[in-house]
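What follows is a short report on a single structure.
The values are calculated or read from the model by the stated rules, or taken from the named source; none is laboratory data. Note that the structure is a prediction, hence the values are computed from the model and not measured. All Cβ positions, glycine included, derive from the backbone under ideal geometry; neighbour counts span all protein chains shown. Side chains included, ligands, DNA and RNA excluded: accessible areas come from the protein's heavy atoms. Shrake-Rupley method; radii C 1.70, N 1.55, O 1.52, S 1.80 Å.
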Amino acid sequence: MAPTPPATAPAGPGPAAPPQDEARQALDRFDRAVAAETRIEPRDWMPDAYRATLVRQIAQHAHSEIIGMQPEANWITRAPSLRRKAILIAKVQDEAGHGLYLYSAAETLGVSREELLDRLHSGRQKYSSIFNYPTLTWADVGAIGWLVDGAAITNQVPLCRCSYGPYARAMVRICKEESFHQRQGYELLLALSRGTPAQHAMAQDAVNRWWWPSLMMFGPPDAESEHSARSMAWNIKRHSNDELRQRFVDICVPQAETLGLTLPDPELRWNEERGHWDHGPIDWEEFRAVLRGQGPCNAQRLEQRRRAHREGAWVREAAAAYAARHGAGGGTPAGPEGR
Ligand code: FAQ
């Protein structure tokens, strides 16, 4: 896209354009770039509201990735085999990496990581409702992989075409990794479902508990979605919350059948006319309560995050001291004698 317009008109024979005209031209250029599917890059001019929307969404997405490490990390020490433990450690580590890509993408919009973390820790910014539910059994690790990562991919693949370059590029890599996560969850649940009756029952119980919260990940119904219309006009979001939720339900129904598990919704029915699965009503009161901080694990998740941040202060200080000594771009570490 065209670079930021100059603050003053270039010197030339004609009279300088009044500032309102420059602002209007910049907005026109931005609108044309969005309409032409050209990526907006950090140094391009963009409306303040576009920038604020991106900071809000990318930051909340980043917060979800790092808070999302907690429910599954709860099972690392109790994974039933070395193979499962290695896979789970790698997955949780990937989520930390996703948080880093996303915080970096948000920083390109002129907000610092420190400020973003402060907004999370003080409760001024949200993270996904899904991570306020407990992981009660090992099967929950499978249900999170299948349903939570599955929902995340359904929501995030269209974000690879988001109009803001750094966010779109971060999503490409994240989606590839999430797709591995989804498959490991599916494979874990399949093993349990085909195992002993007790293992099958454990898998079914996990799916019963995670199904409805997974549908809530897509956000409020379209009629109540405050930001959707504007985000879709700006090509940040490509589909509405309800469209993506429906897409997810349509994907999951046949997968549940292959798994030999039942989705806990007696109203699930194929609708020939719509060409989609109809589902029962979602408990939006539960969703709103979780967003107000009243979910089963909200307090615990936030407290653990604040503690991890406090206890990690020495790592940040050491990294900053190292960068100051060796130059911000890194550099060769000092040998035994130092430099
Ligand atoms: N939880 O007007 P809308 C993952 C808020 S995946 C909490 O519809 P928008 C991977 C919303 O922020 C999970 N809050 O908003 C993983 C807004 O509040 P605000 C993260 C929610 O932005 C897997 C208000 O409600 N994925 O972490 C939720 O147009 C396994 C009004 O809603 C993303 O963040 C919710 N479920 O649409 C990690 C994807 N839904 O900001 C570990 C990127 C809505 O005004 C393990 N984000 N709200 O205070 C998006 O696509 C969008 O932001 C939506 C919401 C679709 C989430």
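Among the residues of the range 281-296, write down those that are touching a helix residue (DSSP H, G or I) at 6+ places or on another chain (Cβ under 9 Å), under 25 Å from Asp250 (Cβ atoms) and in a loop (DSSP other than H, G, I, E, B).
If the condition is that a residue be touching a helix residue (DSSP H, G or I) at 6+ places or on another chain (Cβ under 9 Å), under 25 Å from Asp250 (Cβ atoms) and in a loop (DSSP other than H, G, I, E, B), then Ile282, Asp283 are the ones that fit.
Which members of the range 162-204 meet the condition of being open to solvent by 20 Å² or more (accessible area, probe 1.4 Å), within 14 Å of the ligand (Cβ to nearest atom) and in contact with a Leu (Cβ under 8 Å, 6 or more places away or on another chain)?
Within the range 162-204, just Tyr186 meets the criteria.
Do the conditions hold for Trp212, that is, is it among the aromatic types (Phe, Trp, Tyr), farther than 24 Å from Gln184 by Cβ and out of contact with any Cys (no Cβ under 8 Å at 6 or more places or on another chain)?
Working: among the aromatic types (Phe, Trp, Tyr): yes; farther than 24 Å from Gln184 by Cβ: no; out of contact with any Cys (no Cβ under 8 Å at 6 or more places or on another chain): yes.
Taking the combined requirement at face value, the residue does not satisfy it.
Among the residues of the range 205-262, how many are part of a helix (DSSP H, G or I), more than 10 Å from the ligand (Cβ to nearest atom), out of contact with any Pro (no Cβ under 7 Å at 6 or more places or on another chain) and not aliphatic (A, V, I, L, M)?
14
From the residues in the range 260-286 that are aliphatic (A, V, I, L, M) and over 26 Å from the mean Cα position of the chain (by Cα), which one is most open to solvent (accessible area, probe 1.4 Å)?
Kept after step one, since they are aliphatic (A, V, I, L, M), are these residues of the range 260-286: 261, 263, 268, 282.
Still in the running and over 26 Å from the mean Cα position of the chain (by Cα): 261, 268.
On the way: Leu261: 12, Leu268: 33 Å².
Among those residues, the one meeting the criterion is Leu268.
Tally the residues that are touching a Leu at 6+ places or on another chain (Cβ under 9 Å) and more than 9 Å from the ligand (Cβ to nearest atom), restricting the search to the range 114-146.
So the answer is 9.
Taking Val141 as the residue in question, decide whether it is of a type in the set (A, V, I, L, M, F, W, C), closer than 30 Å to Ala36 by Cβ and at pLDDT 95 or above. Write out each step before concluding.
On the way: of a type in the set (A, V, I, L, M, F, W, C): yes; closer than 30 Å to Ala36 by Cβ: no; at pLDDT 95 or above: yes.
So Val141 fails the test.
Yes or no, residue by residue, for (1) under 19 Å from the mean Cα position of the chain (by Cα); (2) surrounded by 21 or more Cβ atoms within 10 Å (Cβ to Cβ); (3) free of Cβ contacts under 8 Å to residues at least 12 places away in the same chain:
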site: Thr38; (1), (2), (3): no, no, no
site: Pro42; (1), (2), (3): no, no, no
site: Trp45; (1), (2), (3): no, no, no
site: Ala52; (1), (2), (3): yes, no, yes
site: His61; (1), (2), (3): yes, yes, no
site: Pro71; (1), (2), (3): yes, yes, no
site: Arg84; (1), (2), (3): no, no, no
site: Ala105; (1), (2), (3): yes, yes, no
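Filter the range 162-201 for residues that are under 12 Å from Leu259 (Cα atoms) and in contact with a His (Cβ under 6 Å, 6 or more places away or on another chain) and give the result.
Answer for the range 162-201, where residues must be under 12 Å from Leu259 (Cα atoms) and in contact with a His (Cβ under 6 Å, 6 or more places away or on another chain): just Ser193.
So, of the residues in the range 300-318 that are open to solvent by less than 80 Å² (accessible area, probe 1.4 Å) and hydrophobic (A, V, I, L, M, F, W, C), which turns out to be farthest from the ligand (Cβ to nearest atom)?
Residues of the range 300-318 open to solvent by less than 80 Å² (accessible area, probe 1.4 Å): 301-305, 308-309, 312-313, 315, 318.
Checking which are hydrophobic (A, V, I, L, M, F, W, C) leaves us with 302, 308, 313, 315, 318.
Working: Leu302: 13, Ala308: 15, Ala313: 24, Val315: 22, Ala318: 27 Å.
Top of the filtered list is Ala318.
In the range 220-259, what count of residues is obtained for those that are open to solvent by 90 Å² or more (accessible area, probe 1.4 Å) and within 18 Å of the chain's Cα centre (by Cα)? Spell out the reasoning first.
Initial filter on the range 220-259 (open to solvent by 90 Å² or more (accessible area, probe 1.4 Å)): 223-224, 226, 230, 243, 247, 257.
With within 18 Å of the chain's Cα centre (by Cα) added as a condition, the list becomes 243, 247.
Final tally of qualifying residues: 2.
Which numbered condition in (1) open to solvent by less than 30 Å² (accessible area, probe 1.4 Å); (2) within 30 Å of Leu192 (Cα to Cα) is the only one that Ala289 fails?
(2)
Considering only helices (runs of 4 or more DSSP H) fully contained in the range 17-110, which possess at least 2 residues that are within 12 Å of the ligand (Cβ to nearest atom) and of a type outside the set (Phe, Trp, Tyr)? Give the steps one after another, and end with the answer.
On the way: elements: 19-35, 48-67, 69-73, 82-107.
Because the criterion is at least 2 residues that are within 12 Å of the ligand (Cβ to nearest atom) and of a type outside the set (Phe, Trp, Tyr), the helices (runs of 4 or more DSSP H) in the range 17-110 that meet it are 48-67, 69-73, 82-107.
Mind checking which pairs have a first residue in the range 274-287 that is closer than 22 Å to Tyr133 by Cα and a second that is open to solvent by 60 Å² or more (accessible area, probe 1.4 Å) and at pLDDT 95 or above, Cβ under 6 Å, 6 or more apart or different chains?
From residues that are closer than 22 Å to Tyr133 by Cα, the pairs are Gly280/Glu267.
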